[in-house]
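Peer 1: Here it is, the structure in full.
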């Protein structure tokens, strides 16, 4: 390694180190979902759930498919419309990322802590397709049970089914998470980087002249 390349590499290392310190070169690591509870400590949903490389927000809501999913009569009404593997991935994400025992509550060990469920087994419906002729909606289920969890095989459910009177069923309403806010880089950071690159350029020219 000659003197010029050695000095250039050292300057480049300083610049990259500064950029990392300023948060310019590395994306933040994906955090665990933010679990949301009501005043009674019931789990009502989560924000930032990672599903197949994308982030979603989810809410656990009692009611009918028609009321909760814009008529429940076409695939576009659902976050994973027409995508059974996406709905299954969402069910797995609920079991693996959301129904967890954390400081806010033992949401894995105690299914009754999930909004809409007051039984030892909570079935969470994720609709993704419809059979309009038979008034059926096809759903994937995340089954959070006190003794074992499972992602149930997709199955039909009446589009008019109401989870409100049932103690062990609830709908999961998903929507894509809002993109993170862009934080502008402080002017001082731009000034520092400009000066660093300027010094690097001057150093290279001087070394070239003496070569």
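Computed from the coordinates by the stated procedures, all read-outs in this text should not be read as laboratory data. A quick note: this is a predicted structure, and the numbers were derived from the prediction, not measured. Counting neighbours? That spans all protein chains shown, and the Cβs are built from the backbone with ideal geometry, glycine included.
Peer 1: Once segment 35-176 is represented by equal point scatterers at the alpha-carbon sites, with solvent omitted, what log10 I(q)/I(0) does the Debye formula produce at q = 0.15, 0.16 Å⁻¹?
Peer 2: For the requested q values the scattering log ratios are -0.66, -0.75.
Peer 1: May I pose another question? Let me have the relative contact order for segment 35-176, percent, based on Cα pairs under 8 Å that are six or more residues apart.
Peer 2: That works out to 29 percent.
Peer 1: Let me ask another. Based on the mean of other beta carbon atoms within 10 Å per residue, what is the order of 45-52, 66-73, most packed first?
Peer 2: Listed from highest to lowest mean packing, they are 45-52, 66-73.
Peer 1: Oh, and also: Label-point separation (nm) for residue 154 and residue 119, each offset 7 Å from Cα along Cα-to-Cβ?
Peer 2: Result: 2.5 nm between the two label points.
Peer 1: Is the shape of segment 84-131 rounded, prolate or oblate, going by the alpha carbon gyration tensor and its root eigenvalues a ≥ b ≥ c, with a/c under 1.5 for rounded and a/b larger than b/c for prolate?
Peer 2: Oblate.
Peer 1: Using the beta-carbon distance between residue 83 and residue 34 and R0 = 41 Å, what value does 1/(1 + (r/R0)^6) give for FRET efficiency, to the nearest 0.05?
Peer 2: Computed FRET efficiency for residue 83 and residue 34 comes out at 0.95.
Peer 1: Where does each of 122, 65 land when they are ranked from fewest to most other beta-carbon atoms within 10 angstrom?
Peer 2: 65, 122
Peer 1: If you don't mind, another one. Under a crude label model (7 Å from the Cα following the beta-carbon direction), how far is residue 73 from residue 102 in nanometres?
Peer 2: Distance between label points: 3.8 nm.
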